[in-house]
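The values are calculated or read from the model by the stated rules, or taken from the named source; none is laboratory data. The shown structure was predicted, so the numbers you read here are calculated from the model rather than taken from an experiment. All Cβ positions, glycine included, derive from the backbone under ideal geometry; neighbour counts span all protein chains shown. The protein model used for the area step is the full one, side chains on, heavy atoms only, and it has no ligands, DNA or RNA in it. Shrake-Rupley method; radii C 1.70, N 1.55, O 1.52, S 1.80 Å.
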Amino acid sequence: YEILRCLVGSEMCIRDRLMENFTYSIPTTIHFGKRQIEKLGAEVAKKCTKVLVVFGGGSVKRNGVYDDAIAQLDSCGIAHIDFSGVEPNPKIGTVREGVRVCKENGVDGILALGGGSIIDCSKTIAAGALYDGDAWDFLTHKAEPIKALPIYAVVTIAATGSEMDGTAVISNPDTNEKLDFDAYCVIPTCAICDPTYTFSLPAKQTAAGVADIMSHTMENYFAPTEDAYISNRVAEAILKTCVECGPRALEKPDDYAARANLMWASSWAINGFVGMGKPVAWSVHRIEHELSAFYNITHGVGIALLTPHWMRYVLNEKTAHQFAQYGINVFGVDASLPEMEAAKQAVDRTEALFVSMGLPMHLSELNIGDENFEKMAEKAWRPAYETSAFAPLTVEDICNIYKMAL
Ligand code: NZQ
Ligand code: ZN
């Protein structure tokens, strides 16, 4: 049992839980920056001759992303079929329809134009197209995806980081379920990240995206393996980027520097790097997914709303140190304060940031009552909450967090 001594802020601290072994591999090629779309056609042509072009409610037609992408496919002689209308919090019925279109038309690749909902739907279609059963099996873990059509993404919102991870989150409105799966084969082959494509985002989506990036980072940061010094310092850099650039992007939607930093931060918050060597329980995320499952709210809005309540619920003598470090290193909280005081200020600063970005802090603001709290808490709970969470949570604890958020 080794001891690592690390200098954080102005304090010496001793951490005694070691980083776990890990393997790190991300096969995604990222083309980042203005007009990087011009690389898309050649990238897709390396593997595909006919792609399904997946997009949502039409924002990509209004902001030019669709035309830019289609021009790329046409210039490289790649055939394409449109698949539009994918909804935020994508539904399994939409996935099934996409799988059917792929199978009937001999599609050999998927091009996703949009945010997390579009990319997640594309991932599930890509795996479903090479599977004989129902794609919902991946979400219930009845089947693990082992092969998928190659996926290309043109990202239009800095939020989920789905362009650089193997996760897909899909909803089943018939059963009020929102479930996820993780598979190496659905990590996108290539992603185009042009920050100018995010200029057209509505303020609410910009703010929700920033909260989501911060939450992905914090889910990894607030973990029981405290000796992951490099991961924690990188996590703080991502969090500081959000604190600085989120309000700037809201103030001036075409602030390229703010949009670019948020876009790169969103990929790095969830591409695995900040979580390597740690068990990550994704506590706030699963608690939020039940909110989206029952009330179809915007994921990042639910995340922002729950985060300060979760923080206050789990703040105690044992956890105060990590919250204090977060406050000192991300928000510049006074390092000479007693640890608990610095920790409380860190939580207050987090909440104030979200409020300043126009995000709600109470479920009642979204007309959500307490009628489903018990059911949601039971569905949200995972064994990892008691075995590997930063702060263990029982079903009752989750219910109490919902009540605090009311
Ligand atoms: O449908 P369109 O017209 O495209 O409009 C979208 C949608 O209404 C709009 N939008 C996106 N880019 C725009 C734009 N409007 C104008 N200009 C642009 N440039 O924004 C709305 C939200 O889009 P969505 O794709 O739903 O946003 P987000 O990226 O936040 O994705 C949320 C989904 O991803 C899941 C969430 O649970 C939710 O289902 N997550 C996926 C993760 C992953 N794959 O790793 C992790 C996350 O924690 C999250 O759970
Ligand atoms: Zn998220």
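Does region 175-183 contain any residue that is more than 14 Å from ligand 1 (Cβ to nearest atom), surrounded by fewer than 23 Cβ atoms within 10 Å (Cβ to Cβ), in contact (Cβ under 8 Å) with a residue 60 or more places away in the chain and over 13 Å from the mean Cα position of the chain (by Cα)? The answer is yes, given that some residue of region 175-183 is more than 14 Å from ligand 1 (Cβ to nearest atom), surrounded by fewer than 23 Cβ atoms within 10 Å (Cβ to Cβ), in contact (Cβ under 8 Å) with a residue 60 or more places away in the chain and over 13 Å from the mean Cα position of the chain (by Cα). Is it true that Ser84 is away from ligand 2 (no atom under 16 Å from the Cβ), open to solvent by less than 10 Å² (accessible area, probe 1.4 Å), closer than 30 Å to Ala304 by Cβ and hydroxyl-bearing (Ser, Thr, Tyr)? The answer is no for Ser84. Scanning region 252-267 for residues that are open to solvent by 50 Å² or more (accessible area, probe 1.4 Å), of a type outside the set (S, T, N, Q) and over 21 Å from Thr298 (Cα atoms) turns up Lys252, Asp254, Tyr256, Trp264. The listed residues are Ile270, Ile287, and the only one of them that is touching a residue at least 24 places away in the same chain (Cβ under 8 Å), within 13 Å of ligand 2 (Cβ to nearest atom) and open to solvent by less than 10 Å² (accessible area, probe 1.4 Å) turns out to be Ile287.
The selection criterion, being within 13 Å of the chain's Cα centre (by Cα), hydroxyl-bearing (Ser, Thr, Tyr), within 16 Å of ligand 2 (Cβ to nearest atom) and under 23 Å from Asp370 (Cβ atoms), holds for Thr298. Looking across Ala342, Ala304, Ala352, one residue alone is in contact with an Asp or Glu (Cβ under 9 Å, 6 or more places away or on another chain) and over 18 Å from Gly209 (Cβ atoms). It is Ala342. When Asp334, Asp348 are checked against the criterion of being touching a helix residue (DSSP H, G or I) at 6+ places or on another chain (Cβ under 9 Å) and not in a helix (DSSP H, G or I), Asp334 stands alone in meeting it. If the condition is being outside any helix (DSSP H, G or I) and among the hydrophobic types (A, V, I, L, M, F, W, C), then region 150-173 contributes Ile151, Ala153, Val154, Val155, Ile157, Ala158, Ala159, Ala168, Val169, Ile170.
Every condition in (1) within 16 Å of ligand 1 (Cβ to nearest atom); (2) over 30 Å from Val154 (Cβ atoms); (3) hydrophobic (A, V, I, L, M, F, W, C); (4) part of a loop (DSSP other than H, G, I, E, B) is met by Trp310 except one, and the failing one is (4).
In region 29-46, the residue that is nearest to Ser267 (Cα to Cα) out of those that are open to solvent by 20 Å² or more (accessible area, probe 1.4 Å) and out of contact with any strand residue (DSSP E or B) (no Cβ under 6 Å at 6 or more places or on another chain) is Lys34. Pairs are defined by a Cβ separation below 9 Å, a sequence spacing of at least 6 or placement on different chains, a first member in region 41-68 that is under 16 Å from Leu201 (Cβ atoms) and free of Cβ contacts under 8 Å to residues at least 60 places away in the same chain, and a second member that is open to solvent by 20 Å² or more (accessible area, probe 1.4 Å) and within 16 Å of ligand 2 (Cβ to nearest atom); the pairs so defined are Gly57/Pro88. Of the strands (runs of 3 or more DSSP E) that lie entirely inside region 49-149, those containing 3 or more residues that are of a type in the set (Gly, Ala, Ser) span 109-114.
So which residues in region 340-360 are free of Cβ contacts under 8 Å to residues at least 60 places away in the same chain and either open to solvent by 70 Å² or more (accessible area, probe 1.4 Å) or aliphatic (A, V, I, L, M) (or both)? Within region 340-360, Met340, Glu341, Ala342, Ala343, Lys344, Ala346, Val347, Asp348, Arg349, Ala352, Val355 meet the criteria. Residues in region 202-210 include at least one that is more than 16 Å from ligand 2 (Cβ to nearest atom), in contact (Cβ under 8 Å) with a residue 12 or more places away in the chain and open to solvent by 30 Å² or more (accessible area, probe 1.4 Å). Within region 275-290, the only residue that satisfies the criterion of being more than 10 Å from ligand 1 (Cβ to nearest atom), among the aliphatic types (A, V, I, L, M) and modelled with pLDDT of 95 or more is Ile287.
Scan region 128-162 for residues that are open to solvent by less than 10 Å² (accessible area, probe 1.4 Å) and more than 30 Å from Thr196 (Cα to Cα) and the total you get is 4.
Taken together, Ala391, Ala377 contain a single residue that is farther than 23 Å from Val210 by Cα and modelled with pLDDT under 95, which is Ala391.
Could you grab me the full set of residues in region 221-231 that are out of contact with any strand residue (DSSP E or B) (no Cβ under 8 Å at 6 or more places or on another chain), open to solvent by 10 Å² or more (accessible area, probe 1.4 Å) and assigned to a helix (DSSP H, G or I)? Selection gives Ile230 alone.
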